[in-house]
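Before any comments, here is the structure.
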Amino acid sequence: MTKVRVRLSGTNLPRAADHNQRVTLHAIRVHKSITRVALARITGLTAPAVANIAKRLLDEELVIENGRLRQGRGQPGKVLQINPAARFSFGVNIDRDHVSIVLVNFTGEVVARRHRDSAFALPAEVQAFWHEHAPTMVAESGVAVDRLIGIGVAMPDDLGGIRMPGAPPSYSDWSRTDATELFAAPFAVPVFPENDAAAAALGEQQFGCGPELSSALYILLSSGLGGGLLIEGHYVRGATGRSGEIGLIPVAGRDELVQDHVSISGLARVLGQAGLGLIDLSRLDEDATVASAWQGWLDGAVERLLPSLVAANCLINPAGIVIGARLPGACTDQLAQALSDALGRIDPPLPANAPIRRAMLSDDAPAIGAAILPFNHALLPQSDTLWKDTAAL
């Protein structure tokens with residue numbers, strides 16, 4: 001039996017000070033431009049505490065002052081904003097059909113990107129791709145290496161362990177590969193591996209529509225199908241870290257899993273049967289053959305996803321359902337609308353029906369989300385900042 005971790009403990013001043021600074025920095029980032037007076041009101045900290053934190057943030061060049069903002073009577077307050085060039089991080093997304101690398105600044109903006117379509121790239125190939133491009137990306141972007149704080153790596157769970165059509169036997173090498181070792185050089189910064197759907201959900205929470213949604217189910221269409229749960233602003237992993245595995249749910253009445261059809265690889269298979277490829281989706285509005293193949297896949301996707309979304313609405317009651325996919329935005333919008341329409345036709349109606357929308361960080365979502373991981377670790381609020389790490393004996 002797993003020990004129950006007691007989530008109550010005291011803390012000390014350094015931990016509390018670090019937490020308060022992270023919360024203040026997060027508030028500045030969310031509001032984009034904000035005065036010290038407003039920060040004190042939002043965070044609940046005293047005006048002197050906010051003043052001291054703001055001074056530290058300015059000294060560390062994490063924020064900048066930019067003009068003044070008049071709020072009511074009195075002297076206009078100086079506005080604090082995030083310094084985009086304060087810190088940078090890499091995000092790497094490894095999937096069964098591609099490898100992507102992004103370099104992002106502290107506002108989540110991609111300043112450099114490399115992408116390679118590659119079916120079942122092996123660890124050595126990914127490492128070679130990294131060494132070829134990462135130093136060049138830093139140099140071309142004019143990023144100071146001492147402002148690079150980490151590398152996030154997003155990849156599906158069990159990469160190499162789940163049999164996929166077309167995968168070579170050597171692809172099982174991923175099951176014996178430590179992802180952190182692949183990216184240990186040439187930069188002496190920490191590496192943070194993460195599930196791809198979790199990374200995409202965390203990225204959306206921080207730099208997408210997360211601030212608008214208290215709770216959300218994130219669905220990621222990649223070569224497979226993954227999901228992530230954001231509950232009351234926190235990412236929920238589940239007892240064994242496998243929450244959100246929507247793609248591995250068996251389809252009732254069929255000898256298949258949801259992700260066998262609802263995935264980029266499943267869509268590619270349907271398009272291939274019509275002599276088409278994913279690139280042909282750009283002609284969706286002008287080619288009847290493309291439209292017919294897409295509609296066939298879309299109808300099947302709605303049929304297979306609907307039971308899971310009904311369960312999510314009834315069990316989790318999220319504020320929204322967010323879809324990220326490496327698809328043209330119009331296609332993802334159509335999927336979101338078709339799912340919304342199907343949920344709306346259920347009779348009797350569900351007790352709650354969360355709106356479904358395309359993720360704001362839909363393109364390169366796992367890579368951008370991975371790049372957020374070092375920021376989360378070093379600078380942004382964490383739910384366990386004030387908790388001890390040891391379990392009660």
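Listing for the model above:
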quantity	calculated
Filter pass, residue 316 being of a type in the set (A, V, I, L, M, F, W, C), surrounded by 15 or more Cβ atoms within 10 Å (Cβ to Cβ) and at pLDDT 95 or above	no
Options 204, 212; residue that is open to solvent by less than 10 Å² (accessible area, probe 1.4 Å) and closer than 23 Å to residue 28 by Cβ	204
Pick from the range 21-44, criterion in a helix (DSSP H, G or I) and open to solvent by 50 Å² or more (accessible area, probe 1.4 Å), ranking: farthest from residue 380 (Cα to Cα)	37
Among (1) surrounded by fewer than 16 Cβ atoms within 10 Å (Cβ to Cβ); (2) in contact (Cβ under 8 Å) with a residue 24 or more places away in the chain; (3) not charged (D, E, K, R), the one test that residue 291 misses	(2)
Given (1) open to solvent by 10 Å² or more (accessible area, probe 1.4 Å); (2) aliphatic (A, V, I, L, M); (3) assigned to a helix (DSSP H, G or I), index of the condition residue 336 fails	(1)
Search result, residues across the range 126-143 that are in contact (Cβ under 8 Å) with a residue 12 or more places away in the chain and either closer than 16 Å to residue 98 by Cα or aromatic (Phe, Trp, Tyr) (or both)	126, 127, 129, 130, 133
Set 91, 77: member being at pLDDT 95 or above and either surrounded by 13 or more Cβ atoms within 10 Å (Cβ to Cβ) or within 21 Å of residue 142 (Cβ to Cβ) (or both)	91
Residue match in the range 264-287 (condition: assigned to a loop (DSSP other than H, G, I, E, B) and crowded, with 18+ Cβ neighbours inside 10 Å)	yes
Options 147, 96; residue that is out of contact with any helix residue (DSSP H, G or I) (no Cβ under 9 Å at 6 or more places or on another chain) and basic (Lys, Arg)	147
Selection count, the range 23-44, where residues are out of contact with any Ser or Thr (no Cβ under 7 Å at 6 or more places or on another chain) and touching a residue at least 60 places away in the same chain (Cβ under 8 Å)	4
Qualifying residue in the range 69-87 (condition: outside any helix (DSSP H, G or I) and β-branched (Val, Ile, Thr))	yes
The one condition in (1) aliphatic (A, V, I, L, M); (2) farther than 15 Å from residue 227 by Cα; (3) free of Cβ contacts under 8 Å to residues at least 60 places away in the same chain; (4) open to solvent by 10 Å² or more (accessible area, probe 1.4 Å) that residue 356 fails to fulfil	(2)
Residue count for the range 93-148, restricted to those that are of a type in the set (Ser, Thr, Tyr) and within 20 Å of residue 374 (Cα to Cα)	3
Filtered residue count, the range 45-67, keeping only those that are without any contact (Cβ under 8 Å) to a residue 12 or more places away in the chain and not in a helix (DSSP H, G or I)	1
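Residue by residue, here is whether (1) farther than 23 Å from residue 208 by Cα; (2) modelled with pLDDT of 95 or more holds:
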| position | (1), (2) |
| --- | --- |
| 328 | no, no |
| 333 | no, yes |
| 336 | no, yes |
| 339 | no, yes |
| 357 | no, yes |
| 361 | no, no |
| 376 | no, no |
| 379 | no, no |
| 390 | yes, no |
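The values are calculated or read from the model by the stated rules, or taken from the named source; none is laboratory data. Note that the structure is a prediction, hence the values are computed from the model and not measured. Glycine also receives a Cβ, built like all others from the backbone with ideal geometry; neighbour counts cover every protein chain displayed. Remember, those area values only see protein heavy atoms, side chains included, never the ligands or the DNA or RNA. Shrake-Rupley method; radii C 1.70, N 1.55, O 1.52, S 1.80 Å.
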